[in-house]
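Novice: Would you mind keeping the following structure in view while I ask a few things?
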Amino acid sequence: MALAAAPASAQAVKIGFITTLSGPQGIIGEHMKNSVELALDHLGRKIGGLDVEVIYGDDQVKPDVGKQLADEMLKKHKVHFVSGIIWSNVMLAVAPTVTGAGTFMIGTNAGPHELAGKMCHELFFTTSWQNDQTPEAMGKYMQDQNITDVYAMAPNYAAGKDMVSGFKRYFKNKIVGEVYTQLGQQDYQAEISQLRAANPKAVFVFYPGGMGIQFLKQYAQAGLRNQIPLYSVYTVDEISLPAVKEAALGQFETRYWSPDLKNEANQKFVTEYRKKYGKMPVFYGAQSYDGIMLIDSAVRAVKGDLTNKKGMIAAMRQVDYKSTRGPYKYNVNHFPIENFYLLKAVQDPGGELVMQIQRTVFEGHKDSYAGECPMKW
Amino acid sequence: MSISLALVLEQTLNGLQYGVMLFLMAAGLTLVFGIMNLVNLAHGSLYMVGAYLATAFTERTGSFVLGVALALPATLLVGVVVEVVALRTLYERDHLDQVLATFGLILFFNELIAIIWGRAAIFTSVPQFLSGHFRVLPGLPYPTYRAVIILVGVAVAILLWVLVTHTRLGMRIRAGASNRTMIAALGVDIRLLYTLVFGLGAALAGLAGAMAGPLYSVQPGMGEAILIQVFVVIVIGGIGSIRGAIVGAIVVGMADTLGRAFLKPMLATVISPPAADKAGSALASMSIYLLMAAVLFFRPEGLFPARSRS
Amino acid sequence: MAISRRTIALATGGVALALVPPIAALTNQPFYVDLFRRMMIFAIAAVSLDLILGYGGMVSFGHAAYLGIGAYAVGIPAFHGVESGWLQWGLAIAASALAALVIGAISLRTSGVSFIMITLAFAQMLYYLGISLETYGGDNGMRLAGRSRFGGLVDLREPTVFYYVVLAILILFLGLGSRLVASRFGMVVRAAKSNEPRARAIGFSPLRYKLTAFVMAGSGGGLAGALLANQTEYLTPDFMHWTRSGEIMFMVILGGMGTLFGPVIGAVVLLLLEDVLSALTAHWQIILGPILILVVLFAKRGLFGLLVGPEARDG
């Protein structure tokens, strides 16, 4: 039954966006929300030509609150898409609920390996990465550089262990120490003393949030900054750089994205973000921006017919939008196959500290769990 | 990895420095608790305020020393305001009410700081002239800044001791700790005394925050992380006593640092390394709580309680 | 026969809760069944805390530990394929009772702030233990394989059925609790709260009574934990964090300490407030903080006290 090309009804697209808006981690959610709003601005406040309503939810870093929010968005607001989610444990609680109810879950940060492997689902897409991929890239870089005698440190929780195991998947040289510190620990002087006694040639760490700021400052303070090179993942980013400044100078990180990536979509995103919000965007934001763009591309492809889920799935798989990371493809498990770069913290001409891409470590890197995903397409 | 004497000495110094940091916080808290019988969870918020104010003043004046010096009276003032406005009614209440009300203050302060300075951590750094090391022993470089913290802590401990034992105010504080109705009957202005003591406690917390700022992440909620440990310190040391705060702080600081450093290698000599790793991590996190449980089991009032009655 | 305000309040509350599913069905808002169910589960936890907090004066900051134990008592068997609700919930109650026995035996030797700290310490230790259980997800937690099964008796996968099961448990709890506090046992616990030396002088050993009350409260928390695991279909060690204990305590205070029914109101109001406020602003904690302070300072008998007046406390 063919009709005119106009959308079937003047229905609005409803998107539920779950992130952390309060508490110490609220800064991440702030960046994500800002990026969502910026994306909507760039789309003229329309998704696929339809009006859009975004309902934000604050998960307070709690999986049960996240699930309650998801329930509310699905049953009360009857959203067509649920998006966002920073934390792996919240994602593991929410994603199956959303996909189980026949709704799209467009993750824009958390990438737990369960969802990349056995629990993959056709309604789940992510615009970020699988947690292990970023440390895998660092492991490969350090292996290729023939660095040996590495001391690894991370907080003692699931993500910390994942980071180190991801690192070890590609780094095969000698590891002289593997230390897991308490989650939320503030003072690392004891560990730094141990580290110095072990005499490593390089240090690999994963310290997100406040822990990273603390560790970096104290590492620099202990005089190790210029003695033992420091490599990290998710430790130095655009949120923490203003807080540590010179203590991070020369730091190496690996990431799939950087503000200085040269492509049209990214340059527009970064410039406009800085203009509108007065600060440098961070990767959480880039992922959320892409998430909205991905949803837009799908709705556009089915000409606003939100009941045509198969059509939207097919459209998303085509990645028919301009991502801030440049072109990429989706793997069978709906996780991106993308490049990973080596970044270094340098001083820009204005004296500010920024992350700059040094080289590409992986081109078109696939995650290590896709083989476990039963989906085929 | 071999454990050398130098490493043990270094870790002992680390434990001492950490203990000193805890002492600065614990001293104020235990005084307030001991004199006014007030459980003040918002003590951590005063620590946070001290850190933020010191950072702001350092930026304005360009001098770290001046920044810290200004932050002290400023935090004292904030403390006094909080005491007069919100805490006065709590003195008569039971501990549960105090815990809950001051918990509400924590929420309030965290958001207030987030509204004024934003949620992201702000930039702090160790001042140039303090950022080097010096050789405690050959092969044992120690960060100058951390050594300064130890010195400051020792100085504060001595000052507090002099204050409490050799001044009029100190005498009133000690009297108030053992029997507050009596000194009220003797004509001492209890209200003023309480406000002064609270202000002193706030200044101490502010000092701890100001000194911790360059080392730690200065962001909303930074007080809560250290608050539990400080409570453990005063429970172990005995409520209301400065001596207890000193001993408790050193004990907790040492236990925590040495536990983190040496539990795993020590365990690895008896059980397999991967198991030692897991057990070591778990034990290290629990170490101060186990220590507290052990102390309370044998001496429920703590090691040096200020009062003879509970 | 004069009907007291209290009876009216209780009856209204019970009827209102019972009517939620049909009203939700009529207005096509099934979400509210889930929401109120979550509130009732926390109400059960709060009521069990009130037993020791309100009546026994035991300020336990470790009550959330039992929620965690109860949740894992459902999650771990389910992980290994054991889905029997009888077994899981029975394990939840037994395990938390045992934990409460051990924790209580050590903690009740102290009092005041030391008691608060030591209960907090135990909760934290259990939390760190939960984080180290890598097979069961560590700090990520784990998904519940499936809701507890009760043979042909009830199917918890039906939202409304699950709702009424929780409501029934809540009512049962309140009934048992009322009987308990009015009984001789309850009298001793309350006497010990107000004047322990005198209770001892009369010949009771308060420690044994307090410990028994502590164990009962713990079991109640464990059952609430089992229900919570079924509700969220996800469990994490975070359930045991001391800040969760604080939240439950807040519910008890807000609703009215020592009233048994007050905590139910407290749970409903607090969770509603959180839901509503967090939708309004990211800075909702700056509103909630002062509310907490004001309640503590001025509304000692809590909301239930405000509703019902001096009859709030029985006896």
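The values are calculated or read from the model by the stated rules, or taken from the named source; none is laboratory data. None of the values given here were measured: they were computed from a predicted structure. Don't worry about glycine lacking a Cβ; one is built from the backbone with ideal geometry, like all the others, and counts go over all protein chains shown. Note: accessible area is taken over every heavy atom of the protein model, side chains too, but ligands, DNA and RNA are not part of it. Shrake-Rupley method; radii C 1.70, N 1.55, O 1.52, S 1.80 Å.
Novice: Å³ per residue of the Cα convex hull, for the range C:5-307? Mind showing how you got there, number by number?
Specialist: On the way: hull volume 42.5 nm³, N = 303.
Cα-based convex hull of the range C:5-307, divided per residue, equals 140 Å³.
Novice: Shielding by partners for A:209-218, please: the mean number of other protein chain Cβ atoms within 10 Å of each residue's Cβ. It would help to have the intermediate numbers written out before the result.
Specialist: Details: counts 3, 8, 1, 2, 9, 6, 1, 1, 9, 7.
The mean count of partner-chain Cβ atoms within 10 Å per residue comes to 5.
Novice: So if I place +1 on the C-beta of Lys and Arg and -1 on the C-beta of Asp and Glu, and nothing else carries charge, what would the dipole magnitude of chain A be about its Cα centre? I want it in debye, nearest 20. Write out the running numbers ahead of the final one.
Specialist: On the way: 40 positive and 37 negative charges, 101 e Å.
Once rounded to the nearest 20, the dipole reads 480 debye.
Novice: With no solvent and one point per C-alpha, what does the Debye sum give as log10 I(q)/I(0) for the range C:120-161 at q = 0.20 Å⁻¹?
Specialist: Results for the range C:120-161 at q = 0.20 Å⁻¹ read -0.71.
Novice: Among A:Val354, A:His80, A:Ala248, flag the residue with its Cα farthest along the positive direction of the charge dipole of chain A, charges on Cβ as +1 for Lys/Arg and -1 for Asp/Glu.
Specialist: Working it through, the farthest residue towards the positive pole turns out to be A:His80.
Novice: Here are some pairs, A:Lys310/A:Lys376; A:Lys161/A:Lys262; A:Lys67/A:Lys329; A:Lys62/A:Lys217; A:Lys174/A:Lys201; A:Lys161/A:Lys329; which of them have Cα atoms lying more than 22 Å apart in this structure? Mind showing how you got there, number by number?
Specialist: On the way: A:Lys310/A:Lys376 14 Å; A:Lys161/A:Lys262 33 Å; A:Lys67/A:Lys329 30 Å; A:Lys62/A:Lys217 29 Å; A:Lys174/A:Lys201 10 Å; A:Lys161/A:Lys329 28 Å.
In this structure, A:Lys161/A:Lys262; A:Lys67/A:Lys329; A:Lys62/A:Lys217; A:Lys161/A:Lys329 exceed 22 Å between Cα atoms.
Novice: Work out the mean other chain Cβ neighbour count within 10 Å for the residues of A:49-55 and drop it here as an integer.
Specialist: 0
Novice: Only helical DSSP H runs with n ≥ 4 go in: add -39500 (n - 2.57) per run for the protein assembly as shown, normalise by residue count and round the 222 nm mean residue ellipticity to 500 deg cm²/dmol. Don't skip to the answer; put the middle values down first.
Specialist: Numbers: 36 runs with 588 residues, N = 1002.
Value at 222 nm, helices only, nearest 500: -19500 deg cm²/dmol.
Novice: Moving on to the next point. Give the C-B buried accessible area in Å², both sides summed, 1.4 Å probe, nearest 100. Display every interim value, and only then the final one.
Specialist: Working: alone 14930 and 15140 Å², together 26700 Å².
What C and B bury together is about 3400 Å².
Novice: Beta carbons within 10 angstrom, averaged per residue: use that to sort the peptides C:115-128, B:256-269, B:38-51, highest first. Could the numbers behind the result be given before it?
Specialist: Details: C:115-128: 24.1, B:256-269: 19.6, B:38-51: 28.1.
The densest-packed peptide leads the list: B:38-51, C:115-128, B:256-269.
Novice: Roughly speaking, what is the centre-to-centre gap between the range A:122-158 and the range B:229-301 when only Cα atoms are used, to the nearest Å?
Specialist: So the two Cα centres are separated by 33 Å.
Novice: Quick one: with all protein chains in place, what share of the accessible area of the protein assembly as shown is carbon or sulfur, to the nearest percent (1.4 Å probe)? The partial results should precede the final answer.
Specialist: Details: 23080 of 36640 Å².
Heavy-atom surface of the protein assembly as shown belonging to carbon and sulfur, 1.4 Å probe: 63 percent.
Novice: Order the peptides A:148-160, B:159-171 from the highest to the lowest mean number of other Cβ atoms within 10 Å of their residues.
Specialist: On the way: A:148-160: 22.0, B:159-171: 13.0.
Ranking, from highest mean packing down: A:148-160, B:159-171.
Novice: Just name one of C:Gly218, C:Ile52, C:Leu273: the one whose Cα is farthest towards the positive end of the charge dipole of the range C:5-307 (beta-carbon charges, Lys/Arg +1, Asp/Glu -1).
Specialist: C:Ile52
Novice: Roughly how many Å² is the accessible area per residue of the protein assembly as shown, as a whole number, for a 1.4 Å probe?
Specialist: Details: 36640 Å² over 1002 residues.
Per-residue value: 37 Å².
Novice: Further question: Largest first and in whole Å, what are the equivalent-ellipsoid semi-axes of the protein assembly as shown based on the Cα gyration tensor, each being the root of 5 times an eigenvalue? Intermediate results must be reported in sequence, preceding the final value.
Specialist: Values: eigenvalues 377, 307, 135 Å².
The three semi-axes for the protein assembly as shown are 43, 39, 26 Å.
Novice: Find the eigenvalues of the gyration tensor of the Cα atoms of chain A, then list the square roots of 5 times those eigenvalues as equivalent ellipsoid semi-axes, largest first, in whole angstrom.
Specialist: On the way: eigenvalues 271, 86, 74 Å².
Working through the eigenvalues yields semi-axes of 37, 21, 19 Å.
Novice: With the dipole of the protein assembly as shown worked out from charges on the C-beta (+1 for Lys and Arg, -1 for Asp and Glu) around the Cα centre, which of A:Thr99, B:Leu77, B:Val235 lies farthest toward the positive end?
Specialist: Farthest towards the positive end: B:Val235.
Novice: When the dipole is taken about the Cα centre of the protein assembly as shown, and only Lys, Arg (+1) and Asp, Glu (-1) are charged at their Cβ, what size is it in debye, to the nearest 20? Don't skip to the end; give the middle numbers.
Specialist: Values: 79 positive and 64 negative charges, 322 e Å.
That gives the protein assembly as shown a dipole magnitude of about 1540 debye.
Novice: Just from the alpha-carbon atoms, what are the Rg and Dmax of the range B:5-298 in angstroms?
Specialist: 19.8, 67
Novice: Ok, one more. Using a 1.4 Å probe and counting only protein heavy atoms, how much accessible surface gets buried when A and B come together, both sides summed, in Å² to the nearest 100? Provide the component values of the computation, followed by the final result.
Specialist: Numbers: alone 15460 and 15140 Å², together 27570 Å².
In total, chains A and B hide about 3000 Å² from solvent.
Novice: Starting from the amide H of A:Thr181, placed 1.01 Å from N in the peptide plane, find each other amide H under 5 Å away whose residue is 5 or more places distant or on another chain.
Specialist: A:Ala154, A:Asn156
Novice: Return a whole-number percent for the relative contact order of the range B:5-298, with Cα pairs under 8 Å and 6 or more residues apart as the contact set. Intermediate results must be reported in sequence, preceding the final value.
Specialist: Working: 403 pairs, mean separation 110.6, N = 294.
In percent, rounded to a whole number, it is 38.
Novice: I'd like the distance between the alpha-carbon centres of the range B:15-61 and the range A:322-346, rounded to an integer number of Å.
Specialist: If we compute the Cα centre of each part, the gap is 45 Å.
Novice: Using a ≥ b ≥ c from the Cα gyration tensor of the range B:1-106 (square roots of the eigenvalues), is it rounded, prolate or oblate, where a/c under 1.5 gives rounded and otherwise the larger of a/b and b/c decides, a/b for prolate? Before the final figure, lay out each step's value.
Specialist: Values: a/c = 3.08, a/b = 1.41, b/c = 2.18.
Cα axes put the range B:1-106 in the oblate bin.
Novice: Next question. Based on the Cα gyration tensor of the range B:76-139, what are the three equivalent ellipsoid semi-axes, each the root of five times an eigenvalue, rounded to whole Å and given largest first? Write down the numbers at each step before the final one.
Specialist: Working: eigenvalues 283, 70, 30 Å².
Three semi-axes, in Å: 38, 19, 12.
Novice: Sticking with this one: What distance in nm lies between label points placed 7 Å from Cα along the C-beta direction at B:Leu186 and B:Phe134?
Specialist: For the pair B:Leu186/B:Phe134, the computed spacing is 4.3 nm.
Novice: How large is the charge dipole for chain B, taken about the Cα centre, if only the Cβ atoms of Lys, Arg (+1) and Asp, Glu (-1) carry charge, to the nearest 20 debye?
Specialist: Details: 18 positive and 12 negative charges, 107 e Å.
Its charge dipole is roughly 520 debye.
Novice: Roughly how crowded by other chains is peptide B:279-290, in terms of the mean Cβ count from those chains within 10 Å of each of its Cβ atoms? If you can, show how the numbers build up before the last one.
Specialist: Values: counts 1, 2, 8, 6, 1, 7, 12, 9, 0, 2, 9, 2.
Average per residue, whole number: 5.
Novice: Considering only DSSP beta bridges whose two residues both sit in the protein assembly as shown, what percent are antiparallel, to the nearest 5?
Specialist: On the way: 25 of 61 bridges.
Roughly 40 percent of the beta bridges in the protein assembly as shown run antiparallel, per DSSP.
Novice: Relative contact order, percent, of chain A when contacts are C-alpha pairs under 8 Å separated by at least 6 residues?
Specialist: Values: 775 pairs, mean separation 69.0, N = 377.
That works out to 18 percent.
Novice: Normalised by the empirical 2.2 N^0.38 Å for globular proteins, what value does the Cα Rg of the range A:103-174 take? Let's see the in-between values first.
Specialist: Details: Rg = 14.4 Å, N = 72, 2.2 N^0.38 = 11.2 Å.
Scaled against compact globular proteins, the figure is 1.29.
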